[in-house]
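Chemist: Please see the structure below; I have some questions.
The values are calculated or read from the model by the stated rules, or taken from the named source; none is laboratory data. Note that the coordinates shown come from a computational prediction; the quantities given were computed from them, not determined experimentally. With ideal geometry, Cβ positions are generated from the backbone for all residues, glycine too; neighbour counts draw on all protein chains shown. For the accessible areas, the whole protein counts, side chains as well, though only heavy atoms, and no ligand, DNA or RNA atoms are used. Shrake-Rupley method; radii C 1.70, N 1.55, O 1.52, S 1.80 Å.
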Amino acid sequence: MGQYDVDLFVIGGGSGGVRAARVAAEHGARVAIAEEHRWGGTCVIRGCVPKKLLVYASEASRAIEDARGHGWTIEGVSHDWAALVAAKEREISRLSAAYSTRLQKAGVEVITGRATLADANTVVIAGRRITAKFILIATGGRARRPPGKWITSDEAFDLPALPNRIAILGGGYIGVEFAHIFAGFGARVTLIHRDTHVLRGFDPEVREAVTRGLVAHGVEVIACDKLVAAGHTLTANGTTFEVDLAMAAIGRDPATAGLGLDRAGVALDGRGAITVDEWSRTNVPSIYAVGDVTGRVPLTPVAIREGHALADTLFGNRPTPIRHHLIPTAVFAQPPAATIGMTEPAARAAGHEVVVFRAKFRPMRYALSGRDEQVVIKLIVDRPTDRVLGLHMVGPDSPEIIQAAAIAITMGATKADLDRTFALHPSTAEELVLLR
Ligand code: FAD
C-alpha cells in the first residue's frame with residue numbers, strides 16, 4: 001500500500017462518506033476525506049435533522065389546539081420564525097462540528113474543498129494531488145430545480161420570514177412534510193401534484209390517509225399535470241393564483257456532474273447515478289460509491305449501512321454485501337406515516353397470496369380534544385407461510401412504532417407471532433397484536 005498517499009480517499013462528508021471514512025480508519029487504514037460544503041452532508045445540514053426540528057416546532061400548534069380540550073386556557077400564542085431558524089442553525093453547527101471532530105479523533109485527514117478525480121487512483125483537491133489505493137464517491141444528490149422563481153428544500157430551511165401564501169410543487173415525502181410544516185405555522189399552503197393522492201409508491205391506503213390529513217390540516221391539494229408558472233403567478237387546472245413563495249420538491253438527482261468520473265472511466269446509469277453492485281463496486285476496480293449518488297435507496301440509514309459495510313469489506317476482513325430489503329421509512333406528515341416491507345399491490349404483483357388485516361380508529365389521544373383524525377394500520381401477510389410481508393401505518397408515533405416492529409419483521413415474524421404477543425394497554429401500538 002506504500003505506493004499510494006492513502007489507502008482510502010472519500011469524496012463527500014455526508015452520511016455514507018463519514019461512516020466509511022471513520023470505520024476504515026478504525027480498522028487501521030490511512031484515510032482522507034473531502035467535503036466542499038459543511039460536514040454532515042444533506043441529512044445534517046439540509047435534510048432529516050433540520051426537517052425533524054421544524055416538524056417538532058410546527059406540530060406544537062396541534063398540541064396547543066388539543067390542549068384546549070384538556071382544559072387548558074392558552075392565550076396570546078404567537079410564533080417567531082427567525083428565532084426558530086437561529087436555534088436550528090445552532091444545533092446544526094454543533095452537529096456538523098461533532099462530525100468533523102469525530103473523524104479527526106479516528107485519525108482521518110479532514111480536508112475542506114471540492115475534490116475531483118484525475119484518474120482511477122488520483123484525487124485533486126485545493127491544488128493538491130493525492131493518490132489512493134481506493135476512492136469512495138459519496139457525493140449524495142442535489143434537489144431538482146425547475147426554471148423560474150422556485151426555491152427547493154435547500155433554501156426552505158433558512159427563509160428569513162415565513163411567507164403567508166406558499167405553493168409546493170410535488171407530492172413526494174419532502175413536499176408533504178414541508179406542506180405540513182408551513183401550514184402548522186399558519187401559512188396558507190397549496191400542494192400541487194400530478195395524482196389525486198400524494199406519496200406515489202406508498203401503499204394506496206397510506207396515500208389516501210396522508211392526502212386526507214393534508215386537507216384536514218388546511219392544505220389545499222391540487223391534482224394537476226400542467227402547471228403554468230410565471231414567477232409567483234401560478235395557473236393550475238385553469239385557475240390562476242398568486243403566492244409569496246413557490247417551492248419545488250420534484251425529486252433529487254445524483255451529484256455526479258463535474259467530478260471527473262469520465263477521466264476515471266466510471267459508468268453511470270440512465271439517470272446519471274453511479275452503477276454499483278452489492279459490494280458498492282463501480283466498474284473501475286479501485287473506485288466505489290455509496291449513498292444517494294448510487295441511486296439505490298436515498299435514505300440516511302441506507303447510506304450509513306453501505307459506507308460501514310464497505311469499510312468492513314475493504315479493511316476489516318469482514319466481507320459485507322448489502323441487501324436493500326425491509327427498510328423502514330417514515331413521512332413526517334402531521335400525523336406521520338411509516339412503513340416497512342411490501343405494499344399490497346407490490347405483494348400481489350410479486351405473486352404472493354396475500355391476506356390483509358387493517359384497523360382504523362380514532363386514538364384515545366383525541367377523545368377529549370375532539371380531533372377528527374383516524375389511525376390507519378395495515379398488515380400484509382403471505383397466506384401460505386403466515387409471514388408478515390409489509391406493515392403500514394398513519395397516526396401519531398407511527399415512525400417509533402414501525403421502527404420497533406421492524407425488528408420482529410426482519411426476524412421473520414408471522415401473524416401468529418403477533419397474535420401470541422400480549423397487548424400493552426392502553427396504547428396505539430397494541431392494535432398491531434389485536435388485528436383480526
Ligand atoms: P449526502 O449526505 O448528500 O453527502 C454528500 C456530501 O458530499 C455533501 O455534504 C456534499 O457537499 C459533498 N460533496 C459533493 N460533491 C463533492 C465534491 N466534489 N467534493 C467534496 N465534497 C462533495 N433521509 C432519511 O433517512 N430520513 C429523513 O427523514 C430524510 N429527510 C430528508 C429531508 C430532506 C429535505 C432531504 C433533502 C433529504 C432527506 N433524507 C432523509 C435523505 C438523506 O438526507 C440522504 O439520503 C442522505 O443524506 C444521503 O447521504 P449521502 O452520504 O449519500 O450524501
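Chemist: Solvent-accessible area per residue for the chain at a 1.4 Å probe radius, Å²?
Modeler: With the other protein chains kept in place, the chain gives 46 Å² per residue.
Chemist: Between A230 and R142, what FRET efficiency follows from the Cβ-Cβ distance if R0 is 35 Å, with the result rounded to 0.05?
Modeler: Given R0 = 35 Å and the Cβ-Cβ separation, E is 0.90.
Chemist: Sticking with this one: Would you pull out the residues with amide H under 5 Å of N283's amide H, same chain only if 5 or more places away, H placed 1.01 Å from N?
Modeler: A267
Chemist: Using a Förster distance of 35 Å, how high is the FRET efficiency between F241 and K52, based on the Cβ-Cβ distance and rounded to 0.05?
Modeler: 0.70
Chemist: Using amide H atoms built 1.01 Å from N in the peptide plane, name the residues 5+ places from L389, or on other chains, whose amide H lies under 5 Å from its own.
Modeler: Amide H neighbours of L389, under 5 Å, 5+ apart: I380, V381, D382.
Chemist: Under 37 °C and 0.692 mPa s, how fast does segment 248-309 diffuse according to Stokes-Einstein, given a Kirkwood radius computed over C-alpha pairs? Answer in µm²/s, whole number.
Modeler: 271
Chemist: Ordered by residue, what ³J(HN,Hα) values in Hz, to whole numbers, does segment 179-192 give under the Karplus form 6.51 cos²θ - 1.76 cosθ + 1.60, where θ = phi - 60° and Gly and Pro are x?
Modeler: 4, 5, 4, 5, 5, x, 8, x, 6, 8, 10, 10, 10, 10
Chemist: Continuing with this model, one more query. Starting from the Cα gyration tensor of segment 153-250, take the square roots of the eigenvalues, sort them a ≥ b ≥ c, and report rounded, prolate or oblate (rounded when a/c is under 1.5, otherwise prolate if a/b is larger than b/c, else oblate).
Modeler: oblate
Chemist: What is the dipole size for segment 335-433, taken about its Cα centre, with +1 at each Lys and Arg Cβ and -1 at each Asp and Glu Cβ, in debye to the nearest 20?
Modeler: The calculated dipole for segment 335-433 is roughly 160 debye.
Chemist: Subtracting the Cα-Cα distance from 0.36 nm times the residue separation, let me have the gained length for A87 to H37 in nm, one decimal.
Modeler: Roughly 16.0 nm would be gained on extension.
Chemist: Could you work out what % of the accessible surface of the chain is carbon and sulfur, using a 1.4 angstrom probe and leaving DNA, RNA and ligands out of the count?
Modeler: The computed percentage sits at 53.
Chemist: In what sequence, largest accessible area first, do H27, H217, H392 appear using a 1.4 Å probe?
Modeler: Final ranking, largest accessible area leading: H27, H217, H392.
Chemist: Provide the per-residue ³J(HN,Hα) series for segment 7-14, in order, calculated from phi with Karplus coefficients 6.51, -1.76, 1.60 and θ = phi - 60°, each as a whole number of Hz, with x at glycine and proline positions.
Modeler: With the stated coefficients, segment 7-14 comes to 7, 9, 10, 9, 9, x, x, x Hz.
Chemist: Okay, moving on. Of A264, I181, H232, whose Cα points farthest to the positive end of the dipole of the chain (charges on the beta-carbon: +1 Lys, Arg; -1 Asp, Glu; origin at the Cα centre)?
Modeler: Positive-most Cα among the choices belongs to A264.
Chemist: State the answer as a single residue: which of A367, G2, I135 lies farthest towards the positive end of the charge dipole of the chain, with beta carbon charges of +1 for Lys and Arg and -1 for Asp and Glu, about the Cα centre.
Modeler: G2
Chemist: May I pose another question? Which one of G251, A223, A346 is farthest out on the positive end of the charge dipole of segment 191-350, using unit charges on Cβ (Lys, Arg +1; Asp, Glu -1) and the Cα centre as origin?
Modeler: A346
Chemist: Sticking with this one: Dipole size in debye (nearest 20) for the chain around its Cα centre, Lys and Arg Cβ +1, Asp and Glu Cβ -1?
Modeler: 440
Chemist: Hey, another quick one. Kindly write out, for segment 39-44 in residue order, the coupling ³J(HN,Hα) from the Karplus curve 6.51 cos²θ - 1.76 cosθ + 1.60 (θ = phi - 60°), rounded to whole Hz, with x marking Gly and Pro.
Modeler: Using θ = phi - 60°, the values come out as 5, x, x, 4, 4, 7 Hz.
Chemist: Still on this structure: Suppose the chain between A120 and Q3 were pulled fully straight at 0.36 nm per residue; how much longer would it get relative to their current alpha carbon spacing?
Modeler: 40.7 nm
Chemist: Right, next: Binned at 5 Å from 0, what are the whole-percent values of the Cα-Cα distance distribution for segment 72-231, short to long?
Modeler: 1, 7, 12, 13, 13, 12, 11, 10, 9, 7, 3, 0, 0, 0
Chemist: Give the Debye-formula value of log10 I(q)/I(0) at each listed q (0.17 Å⁻¹), with one equal scatterer per alpha carbon of segment 23-125, two decimals each.
Modeler: -0.89
Chemist: Want the number for R128 to L159: 0.36 nm per residue separation, take away the alpha-carbon distance, what's left?
Modeler: Length gained between R128 and L159: 7.5 nm.
Chemist: Could I ask something else about it? Once R0 is set to 25 Å, what does the formula 1/(1 + (r/R0)^6) return for the Cβ-Cβ distance between A404 and R362, expressed as a FRET efficiency to the nearest 0.05?
Modeler: 0.65
Chemist: Separate question: Please work out the Kirkwood hydrodynamic radius for the chain, using every pair of different C-alpha atoms, and report it in angstroms with one decimal place.
Modeler: After inverting the mean inverse Cα-Cα distance, the result is 23.6 Å.
Chemist: Moving on to the next point. Could you check the simple spin-label distance between N283 and L434, using points 7 Å along Cα→Cβ, in nm with one decimal?
Modeler: Taking the simple label geometry, N283 and L434 are separated by 5.7 nm.
Chemist: Give me, ordered by chain and number, the residues 5 or more places off I222 or on other chains with an amide H under 5 Å from its own placed amide H.
Modeler: When sequence neighbours closer than 5 places are left aside, the close amide H contacts are L191, I192, H193.
Chemist: Further question on the same structure: Restricting things to alpha carbons, tell me how big segment 335-433 is in terms of Rg and Dmax, in Å.
Modeler: Cα only, segment 335-433: 13.7, 45 Å (Rg, Dmax).
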